[in-house]
Amino acid sequence: MSLRTVVCLNVITLICFLSTLLYILFPNVFTPTLDVTLTGVNKNVVQTRENIARTVSTTASKPPLSRKMKADNSAKNQINRHYTFRDFQKSVCVKRFKPAENSVYHEEKKPCPTKGIVTIVPVGRTGNQMWEYSSIWSIAKNTGLQPYLPLCLKLKLEEVFEKMQFPSLEAIADCPFNPNSAVDSSAKLSKTKQNIIIPRAKFYIDESRPYLKEIVKEFRFKREFVDYAQSTLRELKSKLPPKHYTFIGVHVRRTDYVNYLKTSYHSKPATSQYFQNAMNYFKKKFSNCIFIYVSDDPTWCFNQFGNLKDVFVPSYKTNSSAADDLALMAACNHTIFDYGTFGEWGAILAGGHAIFYNGKRNQPRRTQKFKNWIMMK
């Protein structure tokens with residue numbers, strides 16, 4: 001063996017010896033670092049070897065869950081998401097539907113219901129809110145269940161009307177609530193302990209009709225809106241010769257609804273001719289008719305009819321709220337409207353005769369709800 005070979009073997013032996021010595025003294029230097037970034041539902045979950053070993057050890061010490069146990073746990077987790085009426089209320093009172101920040105409200109606490117309750121998932125503005133209240137009323141009457149309003153719905157209604165009769169869910173907020181046993185209509189009710197949650201935008205008009213006289217009494221305008229309506233009518237009368245007049249409230253909905261009709265129903269909004277035809281109908285039926293237009297587009301109303309001596313558009317140059325407009329419609333004798341729940345309630349509160357637009361959005365069934373309602377093109 002040559003000298004060079006002997007030297008090389010000695011060097012290799014020395015390197016191996018030193019490496020072994022370093023590994024014994026500093027083992028962490030030779031352990032690779034786990035650096036993993038996980039994406040998706042369980043991202044940012046990174047475990048060292050020790051954590052993995054601990055997890056495996058713990059799992060091995062527990063018996064596996066049966067299918068039934070897994071199903072039971074799944075159901076419990078589902079219930080725990082809405083385990084009280086407060087949780088449910090928070091889920092339906094979405095941000096865009098919350099009342100004004102300065103609203104102050106106190107609800108007297110009630111015992112937890114021994115039977116089921118009736119409530120609703122609210123959506124929309126004043127007209128929708130009034131149908132939601134009516135739907136809760138009628139279903140509660142028909143089933144004997146207790147009516148409760150989501151707090152946001154009650155507060156919104158009480159911005160316009162005096163204190164509503166039904167309590168809010170705040171009164172039973174801490175009571176347990178099982179959404180998995182709830183149904184969405186009285187037809188599906190199988191036991192009196194079940195809750196009925198009326199779905200969003202589901203209005204029980206047929207069921208409400210027998211109770212409308214009672215329900216209308218609930219919608220008592222706050223004093224400020226009554227004063228606005230009465231002062232507006234007095235001002236109009238002061239500009240007219242002293243006679244007995246028949247006031248017809250006319251509701252025109254345009255702005256956002258024009259595009260909604262086009263995209264959803266391939267339909268056009270009510271034309272000026274429709275309103276003219278409706279006014280002519282009332283002129284033939286009653287004497288000394290005065291037409292009071294309320295609208296989300298008062299400029300359109302004034303441009304179309306402002307030159308007529310028997311037409312007034314109070315909000316053309318002065319701002320009015322939706323509550324002002326509804327109170328003014330309610331103070332009139334009869335109603336003309338094109339579509340929408342706001343116009344419907346203006347007609348219901350006014351009583352008398354009502355004419356509504358024969359468009360794709362309005363179904364003929366509306367004429368069957370109220371005997372003095374007429375559909376016109």
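No lab work stands behind these numbers, since they all come straight from the coordinates. On a predicted model such as this, the values are computed, not experimentally measured, just so you know. In this analysis, Cβ positions are derived from the backbone assuming ideal geometry, glycine residues included, and neighbour counts consider all displayed protein chains.
Considering segment 101-229, its Cα convex hull presents a mean projected area of 8.6 nm². A simple packing score, the average count of other Cβ atoms within 10 Å per residue, orders the peptides 295-302, 173-180 as 295-302, 173-180, with the highest score first. Under a 5 Å amide H cut-off, with hydrogens placed 1.01 Å from N, SER267 pairs with LYS262 among residues at least 5 apart or on other chains. Amide H to amide H distances under 5 Å link ILE336 with GLY249, VAL250, HIS251, ILE355, where only residues 5 or more positions off or on other chains count and H is placed in the peptide plane. Near GLU162: Cβ cut-off under 10 Å, other residues only, Lys/Arg at +1 and Asp/Glu at -1. The net charge is +2. Among the listed pairs LYS115/LYS156; LYS202/LYS222; LYS141/LYS371; LYS193/LYS222, a Cα-Cα separation exceeding 30 Å is found for LYS193/LYS222. Extension gain, CYS112-LYS239: 0.36 nm per intervening residue step, less the Cα-Cα distance, totals 40.0 nm.
Applied to segment 118-126, the Karplus parametrisation 6.51 cos²θ - 1.76 cosθ + 1.60 on θ = phi - 60° returns per-residue 3J(HN,Hα) values of 10, 9, 8, 9, x, 7, x, 9, 3 Hz, with x for Gly and Pro.
Extension gain, LYS283 to TYR83: 0.36 nm times the residue separation minus the Cα-Cα distance gives 66.2 nm.
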